[in-house]
1. Are any of the residues in region 183-206 exposed (fewer than 14 other Cβ atoms within 10 Å of the Cβ), over 30 Å from residue 261 (Cβ atoms), modelled with pLDDT of 95 or more and not basic (Lys, Arg)?
2. Would it be correct to say that residue 168 is touching a residue at least 40 places away in the same chain (Cβ under 8 Å), within 26 Å of residue 271 (Cβ to Cβ), touching a His at 6+ places or on another chain (Cβ under 7 Å) and of a type in the set (Lys, Arg)?
3. Going by the conditions given, is residue 146 at positive phi and either in the same structural domain as residue 133 (by TED's automatic domain parsing) or modelled with pLDDT under 95 (or both)?
4. Any residue that is of a type in the set (Gly, Ala, Ser) and in contact with a Leu (Cβ under 9 Å, 6 or more places away or on another chain) - is there at least one of those in region 42-59?
5. For residues in region 292-335 being farther than 20 Å from residue 10 by Cβ and at pLDDT below 80, which is surrounded by the fewest Cβ atoms within 10 Å (Cβ to Cβ)?
6. Of the conditions (1) outside any helix (DSSP H, G or I); (2) surrounded by 19 or more Cβ atoms within 10 Å (Cβ to Cβ), residue 105 fails just one. Which one is it?
7. If I filter region 67-83 for residues that are touching a strand residue (DSSP E or B) at 6+ places or on another chain (Cβ under 8 Å), in contact (Cβ under 8 Å) with a residue 40 or more places away in the chain and either buried (at least 20 other Cβ atoms within 10 Å of the Cβ) or in a strand (DSSP E or B) (or both), do I get at least one hit?
Amino acid sequence: MCTGINEFFGDNAQGKTSLLEAVYFLSLGRSFRSPRLQDLIRHDADVMCLEAVFNSGGVDQTLRIASDGKTRKVVHNDTTYPSLSSLIGLLPVVLMAPDDELIKGPPQVRRNFLDLQISQADPKYLLQLSRYQRAMKQRNQLLRTQNFSTIASWEAEMAVAASYITQKRLEVSDQLQPLYQRLYPKLSGEDISVSLAYHCRLPKNCDFIQGFKEQFEKDRDREAQLGVTLAGPHRDDLMIYIGEKDTRFFASEGQKRSCLAALRFSTWHLLKTQLGFPPLMLIDDLGAHLDEKRRSHLMYALEAFPQVFTTSVERHPAGGSKHSYNIIGGRVYGC
């Protein structure tokens, strides 16, 4: 595909979103539409295979993923990867979709937002997430059986991982804030303050490892009655404010869409800085639920991106860096 804005337009159910889904899957090893691998295979096929040829650091590279609906095989430049974690960061991506729940959804959505941002630039972060989740699973089992003989060792492992996760989330939240505050007025045309705040149970200037150890020990008896760990990075939230109020409850629908775009664009700019090269920007259903003014601001902002993939039902007026493709029955036709 060309540099600049690559616009894919066509009627519904022609395969526009599937194209973005394929790029996203190559980048992260999963779909943004379905958690089931089987759903990605055509009804008349037994396997699916995706391949991308891209240039990174001035070097042409090939990435291929195949799946039979149960397992994945990842091959990068003729090297087979043993796990999907090795895939993250090879072809970094930022996605904005019409059903994006980042603003209105539960805390888990915003935690995933931070986790994806961080892991694409920091391979160690995925290891710490896995370590924390594995240790917490063991701790929860011990809580349910009320057997505390080895629980302290699992809590110690959780504390180390939780400390790393929390510090990275706080760091990235602070890095996103000035970008978000700069981009929101440009995308909305409004002169209104916006801000971010990562909420965790421990004080932000404490010794996190020791703090988490003490917290887990203190909560044991109460959590044993429920069989689950109630506090830690798996319960934190990223608060999004507009005019010092929670965006979920006090922003209009147009403001929420502009907040969403500003946050997704902020992650793109931060990843570009962290990686030293621009990630891909994917926008499904360009301009969905935006009024004409906000859509115009969005299109103007996109012109600064080196490579963008968008989908829409209608073809938008061509810009100097836009390339349009019509999708009919899953086939792409240049315009």
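The values are calculated or read from the model by the stated rules, or taken from the named source; none is laboratory data. This is a predicted model, so every value here is computed, not measured. Every residue, glycine among them, receives a Cβ derived from its backbone with ideal geometry; neighbour counts consider all protein chains shown.
1. No, region 183-206 contains no residue that is exposed (fewer than 14 other Cβ atoms within 10 Å of the Cβ), over 30 Å from residue 261 (Cβ atoms), modelled with pLDDT of 95 or more and not basic (Lys, Arg).
2. On the way: touching a residue at least 40 places away in the same chain (Cβ under 8 Å): yes; within 26 Å of residue 271 (Cβ to Cβ): yes; touching a His at 6+ places or on another chain (Cβ under 7 Å): no; of a type in the set (Lys, Arg): yes.
No: the conditions fail for residue 168.
3. Working: at positive phi: yes; either in the same structural domain as residue 133 (by TED's automatic domain parsing) or modelled with pLDDT under 95 (or both): yes.
Criteria met by residue 146.
4. Keep residues of region 42-59 that are of a type in the set (Gly, Ala, Ser), which gives 45, 52, 56-58.
From the residues that got through so far, the ones that are in contact with a Leu (Cβ under 9 Å, 6 or more places away or on another chain) too are 52, 56.
Looking through region 42-59, at least one residue is of a type in the set (Gly, Ala, Ser) and in contact with a Leu (Cβ under 9 Å, 6 or more places away or on another chain).
5. This residue is 320.
6. Condition not satisfied by residue 105: (2).
7. yes
The rows are residues; the columns are (1) farther than 24 Å from residue 37 by Cβ; (2) of a type in the set (Val, Ile, Thr).
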site: 95; (1), (2): no, no
site: 109; (1), (2): no, yes
site: 119; (1), (2): no, no
site: 135; (1), (2): yes, no
site: 138; (1), (2): yes, no
site: 141; (1), (2): yes, no
